[in-house]
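Okay, structure first, notes after.
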Amino acid sequence: MEVREAIKSRRSIGRVRSDPVPKETVEEILESAIHAPNHKVTEPWRFHVFTGKGRGEFARARAELARILGESENEEEEYIAGRVSRERKKAFRAPVVIVVISEGGRDGVETLENYAACAAAVQNMQLTAHALGLAAIWRTGSAAYHPYMREFFGLKENGRIVAYLYLGYPDVGERPRKRQPASSKTIWHEG
């Protein structure tokens, strides 16, 4: 697939089939990530890949965080149980979940640039998945920034979860996307 077409036609798709994705395909997607630009060649990205029954580990972490949050908000036990169940299911919404982590830098600027590099890495992954016929959706949400998840993934100081990237074979047809033209968001400064 030509790169400009891939950029224009890529969509976030959350509905995927349960068919397993070959390990070699996931490895190809990971390899595309490491070619993202990163200032000072810090290579700040780290990946946790959950597939098959391995997703249970991620499900347990999500469920435990839901329990912690429910208890801290003094929710009733019945509501907490529902919250835990919903969070556990999220780990199984796709056959592959890749958690992309950005390592912190030596200072605030490098930490910010590392995060930006990891975001570019996620875009590379999404474009590669799309070119390989896979669907992908990038998720995080407030739970990704909670101290419990930081501890679960062993994040060091200034490390951040950048993405929960869900991958699988699409279970929906193509949907066109409308975007405002770049010209509507551009200010030219010309001499």
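Summary table
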read-out: Near pairs, Cβ below 8 angstrom, 6+ apart or cross-chain, from the range 94-118 (outside any helix (DSSP H, G or I)) to any residue that is among the acidic types (Asp, Glu) and at pLDDT below 95; value: Gly104/Glu157
read-out: Number of positions in the range 94-121 that are under 19 Å from Arg10 (Cβ atoms) and surrounded by fewer than 21 Cβ atoms within 10 Å (Cβ to Cβ); value: 2
read-out: Among the candidates Lys53, Lys89, residue that is in contact (Cβ under 8 Å) with a residue 12 or more places away in the chain and loosely packed, with under 14 Cβ neighbours inside 10 Å; value: Lys89
read-out: Residue ranges of helices (runs of 4 or more DSSP H) in the range 1-81 with at least 2 members at pLDDT 95 or above; value: 23-33, 55-72
read-out: Scan of the range 151-167 for residues that are in contact with a Gly (Cβ under 7 Å, 6 or more places away or on another chain) and surrounded by fewer than 19 Cβ atoms within 10 Å (Cβ to Cβ), ordered by number; value: Lys156, Glu157, Asn158
read-out: Qualifying positions in the range 82-93 - assigned to a loop (DSSP other than H, G, I, E, B) and touching a Lys or Arg at 6+ places or on another chain (Cβ under 8 Å); value: Ala91, Phe92
read-out: Test: residue in the range 88-97 that is in contact with a helix residue (DSSP H, G or I) (Cβ under 9 Å, 6 or more places away or on another chain), more than 19 Å from Leu165 (Cβ to Cβ) and not charged (D, E, K, R); value: no
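The values are calculated or read from the model by the stated rules, or taken from the named source; none is laboratory data. Only a predicted model underlies this, so the values are computations on that prediction, with no experimental measurement involved. For neighbour counting, all protein chains shown are included, and Cβ atoms are generated from backbone atoms with ideal geometry for every residue, glycine included.
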